[in-house]
Amino acid sequence: MAKFKIKTGDLVQVISGSKQNKGKQGKVLRVNTETSRVVVEGVNVMTKHKRASAQGEAGGIVKTEAPIHISNVMLVDPETGKPTRVGYRTETVERDGKQKTVRVRVSKSTGKDL
């Protein structure tokens with residue numbers, strides 16, 4: 001299973017792809033580590049025509065976000081609002097009287113915590 005620097009709930013920007021999606025920003029709804037894809041809110045929206053079922057559910061046109069490859073999105077720096085690369089910094093933190101090392105995500109452009 002691969003490790004990714006983009007997590008659920010992060011604000012990302014699409015850096016490559018179709019004209020409709022390139023440059024859009026949105027929140028990450030799901031990350032699929034097996035297929036290396038993410039679902040971003042309001043990006044890559046697909047329309048699906050759904051037939052009414054026998055149980056009484058109404059049919060119609062349903063809009064859903066389709067997954068896009070994780071290499072096509074970049075994390076947005078909260079200070080500048082521009083896409084940035086992600087790095088890690090290790091810190092030693094004292095919790096419950098014990099020293100623990102913690103990895104913190106850091107913006108490569110500004111050096112601030114994400």
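The slack in the chain from residue 69 to residue 104, taken as 0.36 nm per residue of separation less the alpha-carbon distance, amounts to 10.2 nm.
The share of accessible area on the stretch 39-114 that comes from carbon and sulfur is 48 percent, using a 1.4 angstrom probe.
Of all lysines in the structure, those lying under 21 Å Cα to Cα from residue 63, and not within fewer than 8 positions of it along the same chain, are 19, 22, 24, 27, 48, 50. For the chain, the residue among 14, 52, 29 whose Cα projects farthest onto the positive side of the dipole built from Cβ charges is 14. Normalised by 2.2 N^0.38 Å, where N is the number of residues, the alpha-carbon radius of gyration of the stretch 63-114 equals 1.58.
Computing FRET efficiency as 1/(1 + (r/R0)^6) for residue 36 and residue 58, where r is the C-beta to C-beta distance and R0 is 25 Å, gives about 0.10. In a shell of Cβ-Cβ distance under 15 Å around residue 79, excluding residue 79 itself, what net charge do Lys and Arg (+1) and Asp and Glu (-1) give? Net charge around residue 79: +2. Largest first and in whole Å, the equivalent-ellipsoid semi-axes of the chain read 35, 19, 12, each the square root of five times a Cα gyration tensor eigenvalue.
Rolling a 1.4 Å probe across the protein heavy atoms gives the chain an accessible surface of 72 Å² per residue.
With a cap of 15 neighbouring Cβ atoms within 10 Å, and only residues DSSP puts in a loop, list the GluC sites (Glu not before Pro) found in the stretch 1-89. For GluC sites (Glu not before Pro) across the stretch 1-89 that sit outside H, G, I, E and B with at most 15 neighbouring Cβ atoms in 10 Å, the list reads 34, 41, 57, 79. Over the stretch 14-79, what is the relative contact order in percent, taking alpha-carbon pairs closer than 8 angstrom and at least six residues apart? Relative CO of the stretch 14-79 lands at 31 percent. Shown here for the stretch 32-101: trypsin sites (Lys or Arg not before Pro) in loop regions (DSSP other than H, G, I, E, B) with at most 10 other Cβ atoms within 10 Å, namely 51. The magnitude of the dipole of the chain, with charges of +1 and -1 set on the Cβ of Lys/Arg and Asp/Glu and taken from the Cα centre, is near 260 debye.
Only Cα pairs under 8 Å and 6+ residues apart enter the sum, and on that basis the relative contact order of the chain stands at 19 percent.
The values are calculated or read from the model by the stated rules, or taken from the named source; none is laboratory data. Being a predicted model, the structure only gives us computed values, none of them experimental. Heads up, the Cβs are rebuilt from the backbone with ideal geometry, glycines too, and the neighbour counts pull from every protein chain shown. The area values use the complete protein model at the heavy-atom level, side chains included, leaving out ligands, DNA and RNA. Shrake-Rupley method; radii C 1.70, N 1.55, O 1.52, S 1.80 Å.
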